[in-house]
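Novice: The structure under discussion is supplied below as structure tokens; questions concerning it will follow.
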Amino acid sequence: MRTCLGFLIFLLAGAPLFSLEWELIPVTSLQLGKLASPPTTFSEELLGSLKVPFDTRGGGWNVKAHALAGTSSAAVADFDVLSATLAFQTPWFRSFKPTFGRFALSEPTGLILNHPGDGMKLDLAWGDVTLSLAEAYTGLVTRASSGVSMSLEDQARSKETLASPRLVGLAETQFPLVGDHRLTAGVLAQHDLNPASDFVSPDTNVYSSARGGLVDTQYYTLKVAGPIVERVFYEVFATYGGGTTLSWITDTSSATGFSYQYRPIVSFLGGGSVSYFRPEWFSSAFKARVLAASGDGSATSAVEGNVNPISTLFLPITSTTLGVAFSPALSNLIAWEFSGSVKPLPDQDLVTGVKLLGFQRAVAGVVNAPGVLSSGPDWLGTEVDLTATWVVKSDVQLSVALGDFVPTAGTYVSGSDGDGYQVAANFTLSLSF
């Protein structure tokens, strides 16, 4: 904390006041619903940001923070961004930007990793080509602000103050193809730094339901995007997921017939979307998207449940939101999405939308969603979401999201909270200062 305060004092003392850009956004949220995993019913969040430019090339201090308190969780506060960026122009690079401190970590799909990290990032640009390199540590972020939970060890430490300790490395490049089509290639790797003393040792022949091992993963992504015809755009991507996970496998040399061994991960994530925009039709926008994440029909759990020589279950680092009511992780899942939005009142900044989603297993087996049975039907269910966002004034915004998920019979235990139907309603009021 002293380090953070000293950083801010130095930041403010060394910058001209006229160059400061700051914003405070109090956010009031109410979440109601009948769900397999009940949400927080009421929360208050304060978002803050501060920018102190060094120059006109993008260099400067950048600070983003939040404080959150809810009816079913303890109050938490943390920095989302706390970094300094230097910007240069050289004979070789149109832009040369090193960043130091805490910054947002992501990758080309936006579906595998979205998390703050502390480290260094380098952004380069020459001509129409960009290259970004980053290495960061996740273990200084508060666990309540983190979505990293990849292993049994992470689950066992869920009540601790700081997030799962992992070293993350990123490399991403983007360059033009033909016309306005662009290719993005990315490599992402994370190394598990949880204490080795807590893990089950390889060759152990006694099964443990509470302890596991290291989960190291790598992701290699190619993405292509561009226009098809006027107002119609596409995006297609494919990701290979590799790594190692501790597995409970058959072992004829073991006294019990089984033992723990590290085995490779060979998994895949793919997807595509088509978007259509029609400004004269009430600023309407339409989108169709499909996502597919590989599964493993023999896995006993979505977390360290491999029992085969190779694990084919795709494992993202952080989760992503798919539906308002039902939002499983991208593991052993195919998600279909059709959505549209309009501005129904020309003189008001009001956007309304509707989304139809369908969910199915990639293969029969475990799905990473609370309460979903591994032995249930392949088609998990269908959801309809209704959303509205109204900017009442320049500094006042209201948002409403309603979701209704109807699971297929047998997806949940009969009579459980998730069975029959699931509904969720989220109301948000945001103010800007």
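The values are calculated or read from the model by the stated rules, or taken from the named source; none is laboratory data. The structure displayed is predicted, hence computed values, not measured ones. Here the Cβ positions follow ideal geometry from the backbone for every residue, glycine too, while neighbour counts run over all protein chains shown.
Novice: Consider the range 36-68. How many of its residues are closer than 15 Å to residue 21 by Cβ and not in a strand (DSSP E or B)?
Specialist: Total satisfying the criteria: 5.
Novice: With the requirement that a residue be in contact with a helix residue (DSSP H, G or I) (Cβ under 7 Å, 6 or more places away or on another chain) and not β-branched (Val, Ile, Thr), what does the range 160-198 give you?
Specialist: 160, 162, 163, 164, 194, 198
Novice: Let me ask something else. Within the range 69-110, how many residues turn out to be buried (at least 16 other Cβ atoms within 10 Å of the Cβ), in a strand (DSSP E or B) and polar (S, T, N, Q)?
Specialist: 3
Novice: Right, here's the next one. Taking the condition assigned to a strand (DSSP E or B) and either more than 17 Å from residue 189 (Cα to Cα) or modelled with pLDDT of 95 or more (or both), does residue 160 pass?
Specialist: Judged against the criteria, residue 160 is not a match.
Novice: Right, here's the next one. Within the range 290-309, can one find any residue that is of a type in the set (Val, Ile, Thr), crowded, with 20+ Cβ neighbours inside 10 Å, part of a loop (DSSP other than H, G, I, E, B) and under 16 Å from the mean Cα position of the chain (by Cα)?
Specialist: Checked the range 290-309: no residue is of a type in the set (Val, Ile, Thr), crowded, with 20+ Cβ neighbours inside 10 Å, part of a loop (DSSP other than H, G, I, E, B) and under 16 Å from the mean Cα position of the chain (by Cα).
Novice: Sticking with this structure for a sec: Given the criteria within 26 Å of the chain's Cα centre (by Cα), within 24 Å of residue 366 (Cβ to Cβ) and surrounded by 16 or more Cβ atoms within 10 Å (Cβ to Cβ), does residue 271 qualify?
Specialist: Here the answer is yes, as residue 271 does meet what is asked.
Novice: Could you figure out which of (1) under 22 Å from the mean Cα position of the chain (by Cα); (2) free of Cβ contacts under 8 Å to residues at least 24 places away in the same chain isn't true of residue 91?
Specialist: So the condition that residue 91 fails would be (1).
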